[in-house]
1. Quick check on Asn266: is it over 25 Å from the mean Cα position of the chain (by Cα), surrounded by fewer than 16 Cβ atoms within 10 Å (Cβ to Cβ) and part of a helix (DSSP H, G or I)?
2. Please determine whether any residue of the stretch 13-26 is polar (S, T, N, Q), open to solvent by 80 Å² or more (accessible area, probe 1.4 Å) and part of a helix (DSSP H, G or I).
3. Can you go through Gln7, Gln79 and tell me which one is open to solvent by less than 30 Å² (accessible area, probe 1.4 Å) and closer than 30 Å to Ala253 by Cβ?
4. Could you grab the pairs with beta carbons closer than 6 Å, sequence gap of 6+ or different chains, first residue in the stretch 156-180 and in contact (Cβ under 8 Å) with a residue 12 or more places away in the chain, second one open to solvent by 30 Å² or more (accessible area, probe 1.4 Å) and among the charged types (D, E, K, R)?
5. Please verify whether the stretch 102-113 includes one or more residues that are within 28 Å of Tyr267 (Cα to Cα) and either free of Cβ contacts under 8 Å to residues at least 12 places away in the same chain or exposed (fewer than 13 other Cβ atoms within 10 Å of the Cβ) (or both).
6. Scan (1) in contact (Cβ under 8 Å) with a residue 24 or more places away in the chain; (2) within 16 Å of the chain's Cα centre (by Cα) for the single condition Gly26 breaks and write down its number.
7. Gly280 - would you say it is open to solvent by less than 80 Å² (accessible area, probe 1.4 Å), among the small types (Gly, Ala, Ser) and at pLDDT below 75?
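The values are calculated or read from the model by the stated rules, or taken from the named source; none is laboratory data. Owing to the predicted nature of the structure, the values given are computational and were not obtained by experimental measurement. Positions of Cβ are generated from backbone atoms using ideal geometry, with glycine treated the same way; all protein chains shown enter the neighbour counts. Just the protein is used for accessible areas: all its heavy atoms, side chains included, with ligands, DNA and RNA removed. Shrake-Rupley method; radii C 1.70, N 1.55, O 1.52, S 1.80 Å.
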Amino acid sequence: MHGLLQQYERQVDVLTRYIEATQTSGDMEDIHQLRVAIKNIRASLSLFECCSHGGFKKRHHVTLLAPVYKRAGKIREAQVNLLMLKGYPETKAFRQFLQKRVDKQSQILIAELAAFYQPELVELNKTLTAKVADLPERQVSLLTLQFLQDNWNQTNQLLQGERSIEDLHAVRRLLKEIREIVTLLLDTGVSHFNEEVVNEVNNRLNNKLSGQGMIDVMPKLNSLKKKLKPLHGVIGDWHDREVLQADVLKYLATHKDKTLKQFIANYRRKTNKLRNKVWGDVQSLFGD
């Protein structure tokens, strides 16, 4: 657990850096990296909670970080929407509406970051360290693999269902968490598991692991990460389009704009095609 805790401390340092950078610049990339930092921290917290059998509870950390994460998310979505609509003159009124939202929400975010009580995070992290620092390595190894496999199984179950938009949003969340945990394990070098652990988990990461003594699963984790990268991109593109569509439809509910209405009708057809491609790509991942 020592390596995971060190990585977590680095994640907190990154968060602190982007809290300061966002207050100074309000730059789109800084806001994006602020959200990424919180996502990485939440992935670590989920793993700590799992490996401690609930001895550590992440809810206090999540509650502290949630307002900043949600506010930054609103700004990020509006900024992405503006980029996606660039070059479409028929969306001018809506883009002006989005820009006003970005300006207003950015001011609120900067105020929230200025008021963010970092000493509270420090105290929460002391409690975290006390509860997880001395966990047995075998327990951490077993439950880390179990955590990945549970997400993997949940994703596979969704593939067997109706494949609704809601299902695909759930698949996106699960695969993102898998990717974040795999990246965390690779970054910390925590990828050597006792043979007994591997055999007990059995058939983890869609392929049975076997060997003598300590087994290095880094090649398998690297392989999984490489497969997830392009899928992460195409799911992200689909998600951005769905968010844009929802935002436009909400706007049209209170604004009359025939050209924007026609634009989004054409846009939705392309999004539906992309959704079908995403499901096919996810199926291919599980068919490998």
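1. Working: over 25 Å from the mean Cα position of the chain (by Cα): yes; surrounded by fewer than 16 Cβ atoms within 10 Å (Cβ to Cβ): yes; part of a helix (DSSP H, G or I): yes.
The answer is yes for Asn266.
2. Scanning the stretch 13-26, I find at least one residue that is polar (S, T, N, Q), open to solvent by 80 Å² or more (accessible area, probe 1.4 Å) and part of a helix (DSSP H, G or I), so the answer is yes.
3. Selected residue: Gln79, the only one of Gln7, Gln79 that is open to solvent by less than 30 Å² (accessible area, probe 1.4 Å) and closer than 30 Å to Ala253 by Cβ.
4. Taking only residues 6 or more apart or on different chains, the pairs are Leu158/Asp167.
5. Within the stretch 102-113, one or more residues are within 28 Å of Tyr267 (Cα to Cα) and either free of Cβ contacts under 8 Å to residues at least 12 places away in the same chain or exposed (fewer than 13 other Cβ atoms within 10 Å of the Cβ) (or both).
6. Exception for Gly26: condition (2).
7. Considered against the rule, which asks whether it is open to solvent by less than 80 Å² (accessible area, probe 1.4 Å), among the small types (Gly, Ala, Ser) and at pLDDT below 75, Gly280 comes out as no.
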